[in-house]
Amino acid sequence: MNVFDLAEDNLSDNAVIKVVGVGGGGGNAVRHMLENRLEGVEFICANTDSKALIGFETGVSLQLGSTITKGLGAGANPEVGRDSALEDQEKITQLLTGADMVFITAGMGGGTGTGAAPVIAKVARELGILTVAVVTKPFPFEGRRRARVAEDGVKELRENVDSLITVPNERLLPVLGKNISLLKAFGEANNVLFNAVQGITDLIMRPGLINVDFADVRTVMSEMGMAMMGTGSASGEDRARVAAEAAIHNPLLEDINLRGARGVLVNITANEEVGLSEFTEVGGIIEEYASEDATVVIGCAIDPSVGDEMRVTVVATGLEGRTAVEMKSAVGESAVSQPVMTKVEQQVVENTEAQVSVAPPESKPSLNTKVEVVEKNLDEKKESTDSSSISSGDKLSYLDIPAFLRRQAD
């Protein structure tokens, strides 16, 4: 039985959410979020490079490992990043204390982000904070060594967070085109990180007709492991279907496999004219793909500024046990291979460690408009993974990395 919890109208204004940007990539992501006016969160920038913290005045800056690095960065060495975070573990604890939820964003493959992010995540978890990491994996041009370091970093981070969303930068290249500038390429990666964090914080902080409160988010994201996120937006008469399909299916990345998820968060953002039939249509599409054993929480937020546009955000968690199945769309096979191109914008953040697709929907009852709240015990044992650490033998030579990438890495 699907557990569709239509959250009651309880405001979540008291939830304290902090975003921690770790290293050069994480710091750039935080600045991007500030430029795009992400609201309702507190920002922290942590880096071993003191110069990278200059000008960060909106939030709190934390220089890591000043006695180890002398403020000169981690040299693309995760061991240095880890030791630097351990040196300032007490400061990290003080900065995170009082938070209900912490987002950790970083670029995997460098020194500070790869090494320090798991330490910060562990501190947050020990404080009882819901901890979600949203990190990037390197572009192919950044080298194989960096890719290996990133994979090791992701494995270590995975053991210290409640949910982990990875952004594979290599999947952006076909979208961006071969003539994209380096600056714009990294900017697009930052935009995906921004969408991931905004999509979840909006679920909690933005009031609406049907609110998703912090307790709902904790239920779906706590101790869930690998996660994916998709957003879809559309305007016009068929906007509900198009936006929902765009959130689940992405022509550029692999589809979100809701059947393998133990938890699904759905948020619909639209103006005050959103219809019951549109809400029901989105819910019906999600229901057709969600596992019968999953907890599905749907919220609807009102935002007059979006105009005629409808935005659907889907977060799928607990994806370790996924199995590959044949992919078909709820509206036919052609819907996946030929995406709607008009007035649709989407970004999907996903786990790329397993090849999956979406099975044909089984015959199920349509979504009932009657609100049904069913408590579901999600205390399901997480799939154990062998603990991994960054091998000292895999350290990168600082001179192997060009200067512009070192600044991004640290």
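Worth a mention:
- Any helices (runs of 4 or more DSSP H) falling wholly within segment 43-126 and containing at least 3 residues that are more than 24 Å from the chain's Cα centre (by Cα): 66-69, 78-87, 89-96
- Residue within segment 172-185 that is in contact with a His (Cβ under 9 Å, 6 or more places away or on another chain) and either under 26 Å from ALA121 (Cα atoms) or of a type outside the set (Asp, Glu) (or both) present: no
- Of the criteria (1) of a type outside the set (Val, Ile, Thr); (2) at pLDDT 90 or above; (3) under 24 Å from ALA121 (Cα atoms), which one GLY143 fails: (3)
Listed here are the residues, each with its yes/no results for (1) in a strand (DSSP E or B); (2) surrounded by fewer than 24 Cβ atoms within 10 Å (Cβ to Cβ); (3) hydroxyl-bearing (Ser, Thr, Tyr); (4) modelled with pLDDT under 80.
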position	(1), (2), (3), (4)
ALA185	no, yes, no, no
ILE200	no, no, no, no
ILE204	no, no, no, no
ALA215	no, yes, no, no
MET228	yes, no, no, no
SER233	yes, yes, yes, no
GLU237	no, yes, no, no
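- Qualifying residues in segment 252-280 (those that are among the charged types (D, E, K, R) and part of a helix (DSSP H, G or I)) - the one modelled with the highest pLDDT: GLU278
- Any hit, segment 154-165, residues being at pLDDT below 90 and not aromatic (Phe, Trp, Tyr): yes
- Residue match in segment 240-251 (condition: part of a loop (DSSP other than H, G, I, E, B) and of a type outside the set (S, T, N, Q)): yes
- Of all residues in segment 16-49 being at pLDDT below 95 and at positive phi, the one that is surrounded by the most Cβ atoms within 10 Å (Cβ to Cβ): GLY40
- Inter-residue pairs, beta-carbon under 9 Å, first of a type in the set (Lys, Arg) and in segment 176-198, second surrounded by 14 or more Cβ atoms within 10 Å (Cβ to Cβ) and part of a helix (DSSP H, G or I), 6+ apart: LYS184/LEU176
- Residue list for segment 19-42, restricted to those being among the hydrophobic types (A, V, I, L, M, F, W, C) and more than 16 Å from the chain's Cα centre (by Cα): LEU34
- Listed by first and then second residue, the pairs with beta-carbon distance under 8 Å, at least 6 apart or on different chains, first residue in segment 60-78 and within 22 Å of GLY109 (Cβ to Cβ) and without any contact (Cβ under 8 Å) to a residue 60 or more places away in the chain, second among the acidic types (Asp, Glu) and part of a helix (DSSP H, G or I), are LEU64/GLU87; GLY65/ASP83; GLY65/GLU87; ILE68/ASP83; ILE68/GLU87.
- Among residues of segment 87-108, those that are surrounded by fewer than 23 Cβ atoms within 10 Å (Cβ to Cβ) and of a type in the set (Val, Ile, Thr), counted: 2
- Breaking point among (1) among the small types (Gly, Ala, Ser); (2) in contact with a Ser or Thr (Cβ under 8 Å, 6 or more places away or on another chain); (3) buried (at least 22 other Cβ atoms within 10 Å of the Cβ), for ALA270: (2)
- Residue within segment 153-168 that is buried (at least 17 other Cβ atoms within 10 Å of the Cβ), without any contact (Cβ under 8 Å) to a residue 24 or more places away in the chain and in a helix (DSSP H, G or I) present: no
The values are calculated or read from the model by the stated rules, or taken from the named source; none is laboratory data. Everything numeric in this text was worked out from a predicted model, so none of it was measured. No Cβ is skipped: glycine too gets one built from the backbone with ideal geometry, and neighbour counts run over all protein chains shown.
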